[in-house]
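The values are calculated or read from the model by the stated rules, or taken from the named source; none is laboratory data. Owing to the predicted nature of the structure, the values given are computational and were not obtained by experimental measurement. When we count neighbours, we look across all protein chains shown, and the Cβ atoms used for this are built from the backbone with ideal geometry, even at glycine. What goes into the accessible areas is simple: the full protein's heavy atoms, side chains included, and nothing from ligands, DNA or RNA. Shrake-Rupley method; radii C 1.70, N 1.55, O 1.52, S 1.80 Å.
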Amino acid sequence: MALIGAGAIVFGGTVAGAGAAAAEEEGAQARISLTGDVETLNPFLSVLSTSDSILMYQYEPLVAWAAEDNSEYPAIAESWEANADGTEWTFHLEPDAMWSDGEPIVADDVIWTIEAIQDNDALKMAKGSLVENIESIEAPDELTVVMTMENPQAPNPGADLPIVPRHVWAELDDPAAYENDADTVGSGPFIITESSKTNGVTMTANPHYRHGEAKIGSLVWVPYKSSDAAVQALKTGEVDLVDGLTIAQFDSLDGVEGITTISAKGNSFSALAINPGAKDIDGNDLGDGNPVLHDKVVRQAIVRAIDNETLRAKILQGLGDPGTGTVPPRYPTFHWNIAPEELPLAYDPDEANRMLDEAGYERGADGVRLDKSGNPIDLRIMGRSSSSNSQQAADFIGPWLEEIGIKTTVSMLSDAQVNDESVLGRYDMYFTGWGMGPDPDFMMSINLCSSRPNADGSGATSESNWCDPAFDELYAQQHSETDPEKRAALILEMQQLKYDAAVNNVMFFDARFQAYRSDRFTDAQLQPAEGGVLLRQNGPWGVYSLTPVDGAGTGDGAAADGGATGWWIAGGVAAAALVGGGIVLSRRRSQAGDRE
């Protein structure tokens, strides 16, 4: 998934307070640590969870996910209905709603957003699959939107797609090149007012937000080089909220006066992707994956050789949940609930060796197996240097694969480099992860054959560079199945089919560790309300709900010792990243699904 025009922005600047200070003049300020890459602030191009986590506060979909229980909830649309077979959806917009600049939010904004994605390949990167089934869209009046679908659709087409203001975006010569990083317009509780390599991203409260102006005047995303630096900044009061903590960091904050810690089930998974032979949308080979991985038996043997439960024990100290299919247990309706030892490809190195022996992959004199051309099987494992989890997992997986005669070479790259390489199929295996919203439709859609990218990485987004017509058929069935139980069964079957293909070994479902300065802010709304998270929600509720404690003040904005010194803009592609100190880029955000 390439970023066209807009560069991929990697934060790493030394923390400074210029922009923050300006925003603070307008009210209490909350500071959130930022340790991942922000590839773009253009909502049409944003794929990484870090970017989506920012944009979620600025743009609303027609239908949101409720803070209480992740059920469908009014956003731009105050109500909606579908006909009996799901071929026509009607949305009724809230009267008198306004964009942050005071312009009215009307049906033309919705129509422009959807048609812009449908008509411009460059805008399909992040949300293209969400509008594929919309045959036509009309506005009987300025507060009503009617979508006619090509085929019956069960998932609400109004969810997960952020709507942008037509009066801003339609005036742009090239919306895909719009950086959207200063003086922006949105409908969410906070609006991006400035962004720089030194100060991060500053957002100010939207005075016209439909639920009322936030109690904090500004929100600043402060870049840090590492999560350790962010934790230190939380302790000293330089930031107020931190996400993606490791267990050790979480434990170090537990019981600290003025700080409240949050441990919750995540909405994401951490995985090892295995290149099955990436191809572009035209069916041409893409990248340089080792051809031996085209053989499903080899991929399945690799999965058999990896002890995912040991990884969960070592990396998450037994927290989180065992890896199975794609949907995490946080969304039980669609989760593949099966014990690790009962999985078809459960950890069994003896069986892995037997499979490779039977398939004719003999060992050489040094014990390394040979491919069908007689070459030693030496596979690359790629991970993010910013993620301690990646290196820790690689330290285990390398020796495990050696036991089945497969040599590995590990390389840790920057987030942007991992993105570039994975999107273009230039890998054998790499650590990745995705977060997702309550409905898995989008997450399933990025495994369709039609989700494969163009030869240059632009166009659609593919989770695993994998294509199977049988999966596509199941997707079409679930997409139009209006019986909830039958639809859930189809989605389960899709997960099992993808699991059998061994293109993405889900090591575990993540636990989410967060902390915030409760001596400065109170009334934090979790999502879901029972046992949920404060940050990386499927909506803006957590930060929007924060109430400043009288007389507590806010962070001083001073630079943290661990602040990074570099900042750069990388053009090109954005792709997966993974599980970092916590994980998975979290999507959508509203989130239909994001690369962690």
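Once segment 218-243 is narrowed to residues that are touching an Asp or Glu at 6+ places or on another chain (Cβ under 8 Å) and either of a type in the set (S, T, N, Q) or in a helix (DSSP H, G or I) (or both), the residue that is most open to solvent (accessible area, probe 1.4 Å) is GLN232. Go through segment 442-469 residue by residue and tally those that are part of a loop (DSSP other than H, G, I, E, B) and aliphatic (A, V, I, L, M). Of the residues in that region, 4 qualify.
Here ASP108 clears all of (1) in a loop (DSSP other than H, G, I, E, B); (2) open to solvent by 50 Å² or more (accessible area, probe 1.4 Å) except the condition numbered (1).
Of everything in segment 496-513, what is charged (D, E, K, R) and either at pLDDT below 95 or within 16 Å of the chain's Cα centre (by Cα) (or both)? Give them in sequence order.
Hits for segment 496-513 are ASP510, ARG512.
Taking segment 348-441 as the region of interest, the helices (runs of 4 or more DSSP H) fully inside it that hold 2 or more residues being closer than 23 Å to ASP37 by Cα are 388-403, 415-423. Taking (1) surrounded by fewer than 16 Cβ atoms within 10 Å (Cβ to Cβ); (2) within 21 Å of GLN495 (Cβ to Cβ) in turn, ASN308 satisfies each apart from (1).
How many of the residues in segment 340-391 are acidic (Asp, Glu) and within 15 Å of VAL303 (Cβ to Cβ)? Walk me through how you get there before you give the answer.
Of segment 340-391, the ones acidic (Asp, Glu) are 341-342, 348, 350-351, 357-358, 362, 366, 371, 378.
Subsequent filtering for residues that are within 15 Å of VAL303 (Cβ to Cβ) retains 341-342, 348, 350-351.
Final tally of qualifying residues: 5.
Just give me the residues in segment 328-339 being within 20 Å of PRO528 (Cα to Cα) and either of a type in the set (D, E, K, R) or open to solvent by less than 40 Å² (accessible area, probe 1.4 Å) (or both), in sequence order. Across segment 328-339, the qualifying residues are PRO328, PRO329, ARG330, TYR331, PHE334, HIS335.
Considering segment 126-155, and only residues there that are modelled with pLDDT of 95 or more and aliphatic (A, V, I, L, M), the residue that is surrounded by the fewest Cβ atoms within 10 Å (Cβ to Cβ) turns out to be VAL146. Per the listing TRP221, TRP169, the residue uniquely within 30 Å of THR87 (Cα to Cα), hydrophobic (A, V, I, L, M, F, W, C) and under 27 Å from the mean Cα position of the chain (by Cα) is TRP169. In summary, ALA214 fulfils each of the numbered conditions (1) among the hydrophobic types (A, V, I, L, M, F, W, C); (2) part of a loop (DSSP other than H, G, I, E, B); (3) modelled with pLDDT under 95; (4) open to solvent by 10 Å² or more (accessible area, probe 1.4 Å) with the single exception of condition (3).
With the condition kept exactly as written, say whether any residue in segment 520-534 is in contact with a His (Cβ under 8 Å, 6 or more places away or on another chain) and modelled with pLDDT of 95 or more. First the steps, then the outcome.
We begin by selecting, within segment 520-534, every residue in contact with a His (Cβ under 8 Å, 6 or more places away or on another chain); these are none.
Checked segment 520-534: no residue is in contact with a His (Cβ under 8 Å, 6 or more places away or on another chain) and modelled with pLDDT of 95 or more.
Among the residues making up segment 142-156, those that are without any contact (Cβ under 8 Å) to a residue 60 or more places away in the chain and assigned to a strand (DSSP E or B) are THR144, VAL146, MET147. Taken together, the residues in segment 468-520 that are acidic (Asp, Glu) and without any contact (Cβ under 8 Å) to a residue 24 or more places away in the chain amount to 4.
Of all residues in segment 499-519, one or more are polar (S, T, N, Q) and under 30 Å from ALA28 (Cβ atoms).
Whenever a residue of segment 262-286 is within 22 Å of ASP321 (Cβ to Cβ), its partners that are charged (D, E, K, R) and assigned to a loop (DSSP other than H, G, I, E, B), lying with C-beta atoms within less than 6 angstrom and at least six residues away or across chains, give the pairs LYS265/ARG330; ASN267/ARG330; SER268/GLU596. For segment 111-125, taking the residues that are without any contact (Cβ under 8 Å) to a residue 60 or more places away in the chain and under 18 Å from PRO157 (Cα atoms), the one that is surrounded by the most Cβ atoms within 10 Å (Cβ to Cβ) is identified as THR113. The condition of being farther than 21 Å from ASN133 by Cβ and not in a strand (DSSP E or B) holds for only one of ASP500, ASP472, that being ASP500. Of all residues in segment 244-268, those satisfying the criterion of being at pLDDT below 95 and in a strand (DSSP E or B) are SER263, ALA264, LYS265, GLY266, ASN267, SER268. Selection of first residues in segment 70-87 that are farther than 15 Å from GLU60 by Cα and of second residues that are open to solvent by 60 Å² or more (accessible area, probe 1.4 Å) and among the acidic types (Asp, Glu), restricted to Cβ pairs under 8 Å at least 6 apart or on distinct chains, gives the following pairs, ordered by first then second residue: ALA82/GLU88.
Is it the case that GLY325 is in a loop (DSSP other than H, G, I, E, B), under 20 Å from PHE509 (Cα atoms), of a type in the set (Gly, Ala, Ser) and open to solvent by less than 40 Å² (accessible area, probe 1.4 Å)? In short, yes. Within the option set ALA139, ALA84, ALA67, ALA126, being assigned to a loop (DSSP other than H, G, I, E, B) and over 30 Å from ARG536 (Cβ atoms) holds for one residue only, ALA84.
Of the residues making up segment 369-398, those that are surrounded by fewer than 16 Cβ atoms within 10 Å (Cβ to Cβ), more than 30 Å from ALA248 (Cβ to Cβ) and not acidic (Asp, Glu) are LYS372, SER373, GLY374, ASN375, PRO376.
Looking at ASN275, ASN308, ASN290, ASN284, which is the one that is modelled with pLDDT of 95 or more and more than 30 Å from SER458 (Cβ to Cβ)? None of the others qualify; the one that does is ASN308. Across segment 87-105, the qualifying residues are those that are within 28 Å of the chain's Cα centre (by Cα) and in a loop (DSSP other than H, G, I, E, B), and the one among them that is farthest from VAL146 (Cα to Cα) is SER100.
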